[in-house]
Amino acid sequence: MDQKLFFYLYNMNSSKIARWFESENGTVVCNLCPHRCNIKEGKTGICQVRQNVKGKLYALTYGKVSALHLDPIEKKPLYHFYPGRYILSAGSIGCNLDCDFCQNHEISQADPGTYHITETYSPGDLVSKALAYSGNIGIAFTYNEPVIWFEYIIDTATIARNAGLKNVVVTNGYINESPLGELLSVMDAFSVDLKAFSDSFYSKTSGGKLEPVLNSLRQIRQADKHLEIVNLVIPHLNDDREIFSSMINWISKELGDDTVLHLSRYFPRHRLGIEPTPFNILEELGNIARKSLKHVYIGNVNTGQNDTFCPQCRSLLISRQGYIVSCAGLDGSGRCIACGLKFCDK
């Protein structure tokens, strides 16, 4: 018997019929992400966690949690969304991309048949866990790719929102328009990984395409959700200055010059062993980005360039030393103490 089919049969009570699929002659087409996998009986799609069983698509990891931690919101990274606060972060296994440089490949490239998950939380259980932490602002779906945990996220986020909690997704943005619309109805903030501004980079190193990610970014911005973008800078692969400048111009024009951009330093992981990103490259790209964007940060290095200044009067609003955060420039409602500009929720 197929190992993954055995996993499903053994765990029928914890699996759930998936959303966003169609079935014809026993073959399932998953419409959740741009791959639109054609899945035959007993098989899974590219993400390895959505399986065709007798013409129906099942979400195999519903409620299955591989990692659960209370994290600083800055770790997502989100710098302009409830700065200095904490959020309960939850993840499962699987991903709909396959990046050579994946930092969490142990869980993102795992499948339910080989990765043993010991923790199961119903949506209500996870919300209760989040509510139990004093000062916790909500739940962040992260660590692996949350999009493929879609059904569980929707159910959990709906309960969390009704309980007064905030919902956050840390994602590669590889999702189709209609499912993203449903996700937007229950989410408050998105941290999106824009891996490069090159379709060849996406196809060669990540197993995807660029345009669907750009479409997702537009849709999130149009829905007026909080959005911050992460770009992991990898030497020789996505640090071309001309292409990077085109990406910055696109962000500024399509999403707005107030869009927050995090440039992160790459370190060798998974199948990619080239040298870590030199700091001077990050600094150069940061200077290029700041010509068009108001808020540019450099992560994974101790640069002293992660403080936030008021876009109106340039007063220091938030200072950061790693995850030690001081919001001394903001009042209790998230306004600049110096000029009164409403900057963020706090």
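Points worth noting:
- The residues of segment 264-292 that are hydrophobic (A, V, I, L, M, F, W, C) and either part of a strand (DSSP E or B) or surrounded by 21 or more Cβ atoms within 10 Å (Cβ to Cβ) (or both), listed by number, are 272, 282, 285, 289.
- Out of 46, 87, sole residue that is modelled with pLDDT of 95 or more and under 22 Å from residue 156 (Cβ atoms): 87
- Lone qualifier among 217, 237, 261 - being assigned to a helix (DSSP H, G or I), surrounded by 13 or more Cβ atoms within 10 Å (Cβ to Cβ) and in contact with a helix residue (DSSP H, G or I) (Cβ under 9 Å, 6 or more places away or on another chain): 217
- Looking across segment 164-179, the residues that are buried (at least 19 other Cβ atoms within 10 Å of the Cβ) and either outside any loop (DSSP other than H, G, I, E, B) or among the hydrophobic types (A, V, I, L, M, F, W, C) (or both) come down to 165, 166, 167, 168, 169, 170, 171, 175.
- Unique residue being more than 21 Å from residue 30 (Cα to Cα), more than 15 Å from the chain's Cα centre (by Cα) and not in a helix (DSSP H, G or I) when the list is 197, 190: 197
- Residue among 262, 295 that is modelled with pLDDT of 95 or more and in contact with a His (Cβ under 8 Å, 6 or more places away or on another chain): 295
- For residue 229: the one exception among (1) assigned to a strand (DSSP E or B); (2) surrounded by fewer than 16 Cβ atoms within 10 Å (Cβ to Cβ); (3) aliphatic (A, V, I, L, M): (2)
- Whenever a residue of segment 20-32 is more than 14 Å from residue 176 (Cα to Cα), its partners that are of a type in the set (A, V, I, L, M), lying with C-beta atoms within less than 8 angstrom and at least six residues away or across chains, give the pairs 22/28; 22/29; 23/29; 23/57; 27/39; 28/39; 28/57.
- Of the set (1) in a strand (DSSP E or B); (2) farther than 30 Å from residue 324 by Cβ, all apply to residue 93 but (1).
- Members of segment 217-227 found to be in contact with a Phe, Trp or Tyr (Cβ under 7 Å, 6 or more places away or on another chain) and charged (D, E, K, R), listed by number: 225
- Residue in segment 179-199 that is modelled with pLDDT under 95, over 18 Å from residue 226 (Cβ atoms) and hydrophobic (A, V, I, L, M, F, W, C) present: no
- Residue list for segment 37-61, restricted to those being out of contact with any Pro (no Cβ under 9 Å at 6 or more places or on another chain) and either closer than 14 Å to residue 95 by Cα or surrounded by fewer than 14 Cβ atoms within 10 Å (Cβ to Cβ) (or both): 37, 38, 40, 45, 46, 47, 50, 54, 55, 56, 59
- Qualifying positions in segment 47-90 - assigned to a loop (DSSP other than H, G, I, E, B), farther than 16 Å from residue 117 by Cα and of a type in the set (A, V, I, L, M, F, W, C): 47, 78, 81
- Boolean, residue 335 is of a type in the set (D, E, K, R), buried (at least 19 other Cβ atoms within 10 Å of the Cβ), within 27 Å of residue 86 (Cβ to Cβ) and over 21 Å from the mean Cα position of the chain (by Cα): no
- Segment 8-36 - residue that is surrounded by fewer than 19 Cβ atoms within 10 Å (Cβ to Cβ) and at pLDDT below 75 and, of those, nearest to residue 65 (Cα to Cα): 14
- Flag if residue 136 is touching a strand residue (DSSP E or B) at 6+ places or on another chain (Cβ under 8 Å), surrounded by 22 or more Cβ atoms within 10 Å (Cβ to Cβ), modelled with pLDDT of 95 or more and not small (Gly, Ala, Ser): no
- Taking the criterion of being farther than 18 Å from residue 260 by Cβ and of a type in the set (S, T, N, Q), the residues of segment 316-346 that qualify are 321, 326, 333.
- Selection of segment 142-167 for residues being of a type in the set (D, E, K, R) and free of Cβ contacts under 8 Å to residues at least 40 places away in the same chain yields 155, 161.
- Only a single item in (1) within 19 Å of residue 33 (Cα to Cα); (2) surrounded by fewer than 19 Cβ atoms within 10 Å (Cβ to Cβ) is not met by residue 224, and it is number (1).
- Check on residue 131, within 23 Å of residue 345 (Cβ to Cβ) and either surrounded by fewer than 18 Cβ atoms within 10 Å (Cβ to Cβ) or among the basic types (Lys, Arg) (or both): yes
The values are calculated or read from the model by the stated rules, or taken from the named source; none is laboratory data. What you are looking at is a predicted structure, and each value in this text was computed from that prediction instead of being measured. Quick reminder, even Gly has a Cβ in these numbers, built from the backbone with ideal geometry, and neighbours come from all protein chains shown.
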